[in-house]
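Below you'll find the structure, written out as structure tokens, and then a few comments.
The values are calculated or read from the model by the stated rules, or taken from the named source; none is laboratory data. From a predicted model like this one, the values you see are computed outputs, not experimental measurements. Glycine gets a Cβ as well: all are built from the backbone with ideal geometry, and neighbour counts include every protein chain shown. For the accessible areas, the whole protein counts, side chains as well, though only heavy atoms, and no ligand, DNA or RNA atoms are used. Shrake-Rupley method; radii C 1.70, N 1.55, O 1.52, S 1.80 Å.
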Amino acid sequence: MSRPALVLCEDAHARTFHPLTDTRPVFELRAGIFSARERLARAFPDHALTVLARPGVGAAFAATSGLACGWIHVPDGAVLVNGRILGGNEWHAVLGQLRPGQAATVEGEVAAARIPPKMRERCVAAGVPWPAELLAELEAVPAAGEWLRHPWDLVSRNPDWIARDAAAFALGSHAGTVAAGAHLERGDRIHLAAGSKVEPGCFLDATGGPIVLAAGAWAQSHTRIEGPCYVGPNTQLLGGRIGEGTSLGPECRIAGEIEESVVQGYSNKRHHGFVGHSYLGEWVNLGALTTTSDLKNNYGPVRMWHDGAMKDTGLMKLGSLVGDHSKTAIGTLLGTGTVVGVMSNVFRVSPPSRVGSFRWVGASSEEAHRWDKARALLATVMSRRGLRPSPETVALYEALAGEAGAI
């Protein structure tokens, strides 16, 4: 007997989370400890999970995740879930109770739907991952949840979602190695997975919220960690302050000061410098003393480039968004609200607030980061973590290079 089916979908707004969703589906963005996909999979372990995403992005994700992608894999009666929704236990309870022909709505918009058999073919014919107009025909069931409407929502809501996600872990369990000379303040709110390590001279302070260190996470001497905080598998903390509201994905190398920020994974900030209220993608490398400003001198709301225009974010504190495989030189200063695209190299001390993808930004000039050189760098960087890009990933980056005029 086949398992019940859940389908995570991207809608038309997913692309506006540039540069973070240029290289991954919107439901793969880390918000708190988990991505929307990970949170849904944990809530419904007995359900088959399928995804619907933009062409190129979906193919690259399917190749690395092993999940089925495309309408051909969506059975009758499946529950379609919008990947821009953050939802906890209440949200998951609604999804489990939807009947065919019902749609869960959040703030008046369809956020999930159990499609009846007669609608599946119409959805397939629509040819889009999220057939909003069709789903709006279904019976509405109001539900609790939070829409991600802008990329900076991932930053501003991260502390709260770390605290909520931490409930999935056995807080107070210290299965990792804690050396003599390390101090755990409010150890009952700290989870140290088996294989994690905390060296002498570290201070873990969970007074402000829970702290979770995943398997293989390593806090080296002279590291201070403040909750709420999540440190992903095999991430190394090399000394400095890991401030509250920070989520670090797998295989990162972090030193210096970072607070209220998200690092998707596989990225390096190995040296001193401050990163605040920012989101770094994967395979990002920040040169020594790279610093993000996250507060304007007049304490006014930060403006950021979003969906083709500068937008007022309404946030007093907001740093930078940095796309996958982008790098900064030693001493780079990123102003408030800076956006750096995918696969760009920034060698200017004070770059503009908007850097496109596949750019080579020097001290006094800017040019394209040509695809032939970028492709070689892509493979070299990933090999340092024992990985290689899939053919689908290479194709996605080549397409992005073409859009950026770097072919």
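Structure values in brief
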item	result
Selection of trypsin sites (Lys or Arg not before Pro), segment 279-330, meeting DSSP coil and at most 16 other Cβ within 10 Å	Lys296
Mean Cβ neighbour count within 10 Å, used as a protection proxy, ranking 236-248, 40-52, 190-202 highest first	236-248, 190-202, 40-52
Accessible area of Glu403 in the full protein assembly, 1.4 Å probe (Å², nearest 10)	150 Å²
Mean-position separation - Cα centroids, segment 196-255 and segment 89-131, in angstrom	39 Å
Cleavage-rule hits, chymotrypsin sites (Phe, Trp or Tyr not before Pro), segment 299-407, DSSP coil, Cβ neighbours within 10 Å at most 14	Tyr299
Taking N as its residue count, the alpha carbon Rg of segment 40-146 over 2.2 N^0.38 Å	1.03
Compactness of segment 215-360 as Cα Rg over 2.2 N^0.38 Å, two decimals	0.98
From phi via Karplus (6.51, -1.76, 1.60), per-residue ³J(HN,Hα) for segment 295-311 in Hz, x at Gly/Pro	8, 6, 4, 8, 6, x, x, 7, 9, 9, 5, 8, 6, x, 7, 6, 10
Orientation-averaged projected area, Cα convex hull of segment 1-88 (nm²)	5.9 nm²
Percent RCO, i.e. relative contact order, over the chain, from Cα pairs under 8 Å lying at least 6 residues apart	11 percent
Translational diffusion of the chain, µm² s⁻¹ [Kirkwood Rh, Cα pairs; Stokes-Einstein; 10 °C; 1.306 mPa s]	73 µm²/s
Extended-chain gain in nm, criterion 0.36 nm per residue less alpha-carbon gap, Asn297 and Glu366	22.0 nm
In order through segment 86-94: 3J(HN,Hα) via Karplus (6.51 cos²θ - 1.76 cosθ + 1.60), integer Hz, x for Gly, Pro	9, x, x, 4, 5, 5, 5, 5, 5
Volume per residue of the C-alpha convex hull in segment 1-46, rounded to whole Å³	80 Å³
Lysine pairs meeting the criterion (Cα under 24 Å, 8 or more apart or interchain), as found in the chain	10
Highest-first arrangement of 97-107, 67-77, 385-395, where packing means the average Cβ count within 10 Å	97-107, 67-77, 385-395
